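This report concerns only the one structure given below.
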Amino acid sequence: MGNGDRMLEEYLPFVGLIIFGNIENLVLSSQGVVAGVNPVKLGVASLIIVAMWLAIGTFGTQIALPYVDFIDFFGGLVIFILGAQAMIESIRGE
C-alpha cells in the first residue's frame with residue numbers, strides 16, 4: 001500500500017462532514033449573493049476560508065482522529081442548523 005493510500009485512509013472518517021460542509025458552503029455563498037454582497041469580495045473571502053480549512057484539516061487530522069465521532073456529530077449538527085436557518089430565512093424572504 002502506497003503513501004497516498006495511507007493518507008486517504010486518514011481522511012475517510014471525515015468524508016461525510018467534508019461533503020455536507022461543501023454543500024453548506026454553497027448554501028451560504030448563495031445567501032450572500034441574494035443579499036447583494038459584492039461577488040468578488042465574497043469569492044475572495046470564500047477562497048481564503050477554504051484555504052484556511054484545508055490547512056487546518058491537513059495538519060489537524062492526526063490530532064483529531066481520536067475525536068472523529070464527536071467531530072462528525074457536532075459538525076453535522078452545525079451544518080444542519082445553518083442549513084435550516086438558511087432555508088427558513090429564504091422562505092420568509094429575509
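The values are calculated or read from the model by the stated rules, or taken from the named source; none is laboratory data. What you are looking at is a predicted structure, and each value in this text was computed from that prediction instead of being measured. Using ideal geometry, Cβ is built from the backbone for each residue, glycine included, and neighbour counts are taken over all protein chains shown. Calculation scope for accessible area: heavy atoms of the full protein, side chains included, ligands and nucleic acids excluded. Shrake-Rupley method; radii C 1.70, N 1.55, O 1.52, S 1.80 Å.
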Helix 68-92 sits at what angle to the longest principal axis of the chain, using alpha carbons and giving 0 to 90 degrees rounded to 10?
10
Just to confirm the number: angle between the C-alpha axis of helix 39-64 and the first principal axis of the chain, 0 to 90 degrees, nearest 10?
30
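Keeping every protein chain present and rolling a 1.4 Å probe, give me the accessible area per residue for the chain in Å². Display every interim value, and only then the final one.
On the way: 7220 Å² over 94 residues.
I get 77 Å² per residue for this part.
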For the chain, what is the charge dipole size about the Cα centre, in debye to the nearest 20, if Lys and Arg each add +1 at the Cβ and Asp and Glu each add -1 at the Cβ?
300
Calculate log10 I(q)/I(0) of the chain for q = 0.14, 0.18 Å⁻¹, where I(q) comes from the Debye formula with a single equal point scatterer on each Cα and nothing for solvent.
-0.64, -0.93
Let me see the pair-distance distribution of segment 40-94: every alpha carbon pair, 5 Å bin width, integer percents in order.
4, 17, 11, 19, 21, 15, 8, 4, 1
